[in-house]
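For reference, the structure discussed in these notes is given below.
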Amino acid sequence: MSLLGEGLRTPAGPSRNRPHGNVAVLRAFILLLFAILTVRLVDMQILRGEEFAQRSRENHIVRTNILPTRGLITDRNGEPLVKNVGVYAATILPEMLPASPEARYRIYLRLQELIGVSPLEVQTKVDEAIAAGRDYIAIRIATNLPREAALALEEASSDLPGVSLEVTPGRLYTAGAAFSHVLGYIGPQTAEEAKRLREKGYQLNEPVGKEGIEAWYEADLRGQIGYTAAEQNAQGKLITLLGQQDPVPGNTLRLNIDAGLQRYVAELLEASMEDNGTGWGDAKQAAAVVMNAKTGQVYALVSIPTYDNNVYADAERRADELLRIQNDTVTYTLLNKALNPAAPGSTFKLVTATAGLAEGSITPNTAFQIGCSLDIKGENDVIYNYPDWRCHNMVMDVRTAIAWSSNVFFFMTAGGDLERQRGLGKDVETSGAVLAAWARKFGFGKPTGIDLFGESPGRVPDPQWKRRTKVGEGFAPGENEWFLGDTYNTAIGQGDVLATPLQIARMTAAIANGGTLPVPHVADAVIGPDGRVVRTIAPEGEKVDVDPRWLEVVREGMLGSVQYGAGARAASSRTTVAGKTGTAEFFKPDGTKSQHAWFTGFAPYNDPEIVVTVYFDIGVGGDKAAPVAGKIIDYYMEKVRR
């Protein structure tokens with residue numbers, strides 16, 4: 001017999017050796033267990049069913065989102081410009097309130113004692129939420145609570161079903177008003193924002209960046225939401241913690257801004273607003289840009305007047321102040337003047353000079369006898385007189401014309417004189433179109449790409465633009481034609497051309513660095529919560545299609561402006577400055593004539609590091625803007641330069 005066969009044989013032996021007793025005990029135990037479960041089920045579902053149903057209705061699984069700590073913002077040296085604070089609010093969850101109207105009203109009265117909110121106001125908000133089927137959503141009944149009131153509410157909330165203290169991330173802007181237009185502020189979501197942000201996982205009570213850096217880098221600064229899931233009873237007390245995920249703090253943003261320089265520029269502009277003896281009156285608006293001439297890193301960007309951006313976080317108590325700056329139609333406080341346009345005046349002559357050299361209407365050696373004005377014979381032998389800003393009475397080449405900011409020289413360069421001197425093109429319209437094309441090459445007529453919202457593209461007029469826009473009501477027949485005077489006006493930065501201080505700074509950088517238009521950027525790097533660099537904001541730029549020889553000639557003219565010409569008051573004892581003044585005439589709303597003051601320049605001359613552009617809404621460029629620019633350059637060379 002094989003082993004396999006033996007292995008398959010049924011074991012022999014008497015039946016009393018099998019475990020019959022053990023099976024009987026097991027069966028009895030199972031029957032007893034089922035009996036106990038049956039009794040328990042009868043007790044829970046029949047005898048005490050209503051009690052447990054009521055407890056089930058009263059207990060809730062509550063998921064509470066934990067908003068993350070917003071990332072900090074520092075200057076280029078690591079100085080914090082903002083501080084994170086808690087913003088306290090009282091909320092009510094209608095579905096957690098007692099069913100009795102009397103009990104609810106007692107809660108409302110208690111809230112009045114604790115935080116001063118009207119019982120009728122609370123009742124109205126609760127009733128409206130219930131009627132709209134939103135009783136499952138917490139209602140804010142008071143915001144921006146003082147810390148003492150918040151602590152009192154938190155302590156009392158255990159006896160007030162449905163009432164909670166909500167703490168959301170807030171900001172305290174500690175750097176001062178000089179940073180208001182750069183940093184912006186955070187605030188609650190509008191209804192329109194809430195619809196858009198819901199798809200990105202935002203909670204309704206989550207603040208968002210509204211302006212400035214806070215808005216542009218919202219995704220980097222925000223962080224990731226955490227949560228807790230817990231079972232609570234009808235009184236809002238914790239029964240069981242079911243789960244938790246910690247929030248992830250937002251990234252820190254390191255700026256290129258130098259905090260000391262930013263404050264200095266703001267103080268200097270504010271101290272220079274008064275009329276300095278020119279008779280044009282006090283300036284009401286001003287702006288300045290300090291930028292790396294090669295990379296576009298923005299070291300300072302100031303708009304005057306400034307404001308305290310903490311006003312938005314305390315809007316209820318500071319309502320009058322907020323309303324005043326929002327409705328300011330004189331100085332337009334909230335408008336970032338560095339990103340908004342004005343007539344650029346003679347700073348635009350740098351474009352005209354480059355265009356003339358490149359298109360051949362002038363050479364580096366072309367010279368004109370410049371007096372007080374230029375007379376042009378028009379149709380029907382009518383003489384049109386185009387004045388210079390002063391009587392020069394000298395022979396000028398392009399370098400001297402830049403230095404002394406001659407209008408007549410650049411009239412001739414752009415439009416010619418219809419007789420001996422040709423303009424940029426074969427005729428009046430072509431000259432206007434060519435000049436406009438060169439302006440666009442230098443970045444005019446489009447945003448610079450800075451990492452801030454609200455930038456204006458400015459305006460570059462040309463024959464097509466005029467034909468398209470100057471028609472209809474308010475315009476005479478034929479007024480939309482392009483005339484020689486339009487080319488002349490554009491050539492000296494007057495008429496319909498508009499540019500922002502930042503566009504002027506960018507154009508100046510391209511001339512200084514040999515032909516690259518840098519993209520300005522305020523931020524330098526995004527840094528994670530662990531201190532590691534997540535990413536850097538790399539320099540960008542676009543080449544201007546121009547022969548570097550012509551830019552060298554223009555730079556020589558800018559050097560002359562500061563060494564012996566109209567921009568002499570921008571000279572520095574610490575470095576060699578080159579620059580260009582600008583004074584642009586305009587008419588005030590009351591019809592009186594005034595003028596803007598500009599200066600734009602770079603330093604050091606032989607190896608440009610920075611560009612400085614200064615603008616005042618009222619003043620003379622050489623007298624008002626140039627001295628301010630010189631002082632800014634001095635500060636940079638002494639305290640910022642590395």
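Once a ≥ b ≥ c are taken as the square roots of the eigenvalues of the Cα gyration tensor of the stretch 299-421, is the result rounded (a/c under 1.5), prolate (a/b larger than b/c) or oblate (a/b not larger than b/c)? It is prolate, given that a/c is not under 1.5 and a/b is the larger ratio.
Once Rg and the Kirkwood radius are both taken over the C-alpha atoms of the stretch 541-613, their ratio Rg/Rh works out to 1.10. A Förster radius of 22 Å combined with the Cβ-Cβ distance from E473 to K426 puts the calculated FRET efficiency at roughly 0.05.
Distance between the modelled labels on V62 and Y564, one decimal in nanometres: 8.1 nm (7 Å Cα→Cβ projection). Exactly which GluC sites (Glu not before Pro) in the stretch 298-406 are in a DSSP loop and have at most 11 other Cβ atoms within 10 Å? Of the GluC sites (Glu not before Pro), the ones in loops of the stretch 298-406 whose Cβ has at most 11 other Cβ atoms within 10 Å are E316. Size check on the stretch 512-642: the Cα extents along the three principal axes, sorted descending, read 57, 41, 35 Å.
Semi-axes of the equivalent ellipsoid for the stretch 368-459, computed as √(5λ) from the eigenvalues of its C-alpha gyration tensor and ordered from largest down, come to 30, 18, 12 Å. Helix content alone sets the calculated 222 nm mean residue ellipticity of the chain: runs of n ≥ 4 DSSP H residues at -39500 (n - 2.57) each, divided across all residues, give -10000 deg cm²/dmol.
Going by a ≥ b ≥ c, the root eigenvalues of the Cα gyration tensor, does the stretch 429-588 fall in the rounded group (a/c under 1.5), the prolate group (a/b larger than b/c) or the oblate group? List each step's numbers first, then the result.
Values: a/c = 2.17, a/b = 1.40, b/c = 1.55.
Oblate is the answer for the stretch 429-588, as a/c is 1.5 or above yet b/c matches or exceeds a/b.
In order along the stretch 258-267, the Karplus-derived 3J(HN,Hα) couplings, from 6.51 cos²θ - 1.76 cosθ + 1.60 at θ = phi - 60°, round to 9, 4, x, 5, 4, 5, 4, 4, 4, 5 Hz, and Gly and Pro are given as x. In plain terms, the chain from I36 to N276 could stretch by 76.5 nm, reckoned as 0.36 nm per residue minus the Cα-Cα distance.
Here the label points at E199 and L151, each 7 Å from Cα along the C-beta direction, are separated by 4.5 nm in the simple model.
Given the convex hull over the Cα atoms of the stretch 139-186, what projected area results after averaging over all orientations, in nm²?
The Cα convex hull of the stretch 139-186, projected and averaged over all directions, gives 4.5 nm².
For the stretch 277-363, what mean projected area does the convex hull of the alpha carbons give, in nm²? Quarter of the Cα hull surface area: 9.8 nm².
Each of T400, P161, A343 was placed along the dipole of the chain (beta-carbon charges, centred on the mean Cα), and the one lying farthest toward the positive end is P161.
Remark: the chain is approximated by an ellipsoid whose semi-axes, taken from the C-alpha gyration tensor as √(5λ), come to 73, 31, 23 Å, largest first.
Peptides 339-352, 467-480 ranked from most to least packed give 339-352, 467-480, packing being the mean of other C-beta atoms within 10 angstrom over each peptide's residues.
Heavy-atom surface analysis with a 1.4 Å probe gives the chain a carbon and sulfur content of 52 percent of its accessible area. A full extension of the chain between V85 and D320 corresponds to an added length of 82.2 nm, given 0.36 nm per residue minus the alpha carbon distance.
For the stretch 446-518, take every pair of Cα atoms, bin their distances at 5 Å starting from 0, and report each bin as a whole percent. Calculated P(r), rounded to whole percents: 3, 14, 18, 19, 17, 14, 8, 5, 2, 0. With each label modelled as a point 7 angstrom along the Cα→C-beta vector, the S118-R440 pair spans 5.8 nm.
Put a plus charge on the Cβ of each Lys and Arg, a minus charge on the Cβ of each Asp and Glu, and nothing anywhere else: the dipole of the chain about its Cα centre is then about 2060 debye. Derived scalar couplings between HN and Hα for the stretch 615-623 equal 9, 10, 5, 9, x, 10, x, x, 8 Hz in order, rounded to whole Hz, by the Karplus curve 6.51 cos²θ - 1.76 cosθ + 1.60 (θ = phi - 60°), x for Gly and Pro. Think of each Lys and Arg Cβ as +1 and each Asp and Glu Cβ as -1; about the Cα centre, that makes the dipole of the stretch 407-535 roughly 340 debye. Using a ≥ b ≥ c from the Cα gyration tensor of the stretch 354-414 (square roots of the eigenvalues), is it rounded, prolate or oblate, where a/c under 1.5 gives rounded and otherwise the larger of a/b and b/c decides, a/b for prolate? Since a/c reaches 1.5 but b/c is at least a/b, the shape of the stretch 354-414 is classed as oblate. Dipole of the chain computed with +1 at Lys/Arg Cβ and -1 at Asp/Glu Cβ about the Cα centre; of Y384, W550, N292, farthest Cα towards the positive end is N292.
Proximity of backbone amide H atoms, modeled 1.01 Å from N, is registered between D524 and R254, L255, N256 at under 5 Å, excluding neighbours fewer than 5 places apart on the same chain.
Using R0 = 25 Å, the C-beta based FRET efficiency linking D547 and T576 works out to 0.55.
Set the Förster radius R0 to 35 Å, insert the Cβ-Cβ distance between K377 and S456 as r into 1/(1 + (r/R0)^6), and round the FRET efficiency to 0.05.
Working: r = 39 Å, r/R0 = 1.10.
Efficiency, rounded to the nearest 0.05: 0.35.
The trypsin sites (Lys or Arg not before Pro) of the stretch 311-341 that DSSP puts in a loop, and whose beta carbon has at most 12 other beta carbons within 10 Å, are R317. Whole-Hz Karplus values for the stretch 93-104 come out as 9, x, 5, 9, 6, x, 6, 6, x, 5, 5, 5 Hz, taken residue by residue from phi with 6.51 cos²θ - 1.76 cosθ + 1.60 and θ = phi - 60°; glycine and proline positions read x.
Calculate, for the chain, the solvent-accessible area per residue in square angstrom, rolling a 1.4 angstrom probe over the heavy atoms of the protein chains. Could you put the intermediate results ahead of the total?
Details: 30950 Å² over 642 residues.
Here the residues of the chain average 48 Å² of exposed surface.
Relative to the longest principal axis of the Cα atoms of the chain, helix 119-131 runs at roughly 80 degrees.
Annotation: amide H of Q297 within the under-5 Å range of N292, H521, sequence separation 5 or more or interchain, hydrogens built in the peptide plane.
The values are calculated or read from the model by the stated rules, or taken from the named source; none is laboratory data. If you're wondering where the values come from, they're calculated on a predicted model, not measured in any experiment. Positions of Cβ are backbone-derived with ideal geometry, glycine not excepted, and every protein chain shown enters the neighbour counts. In case anyone asks, the SASA skips ligands and DNA or RNA and just uses the protein heavy atoms, side chains included. Shrake-Rupley method; radii C 1.70, N 1.55, O 1.52, S 1.80 Å.
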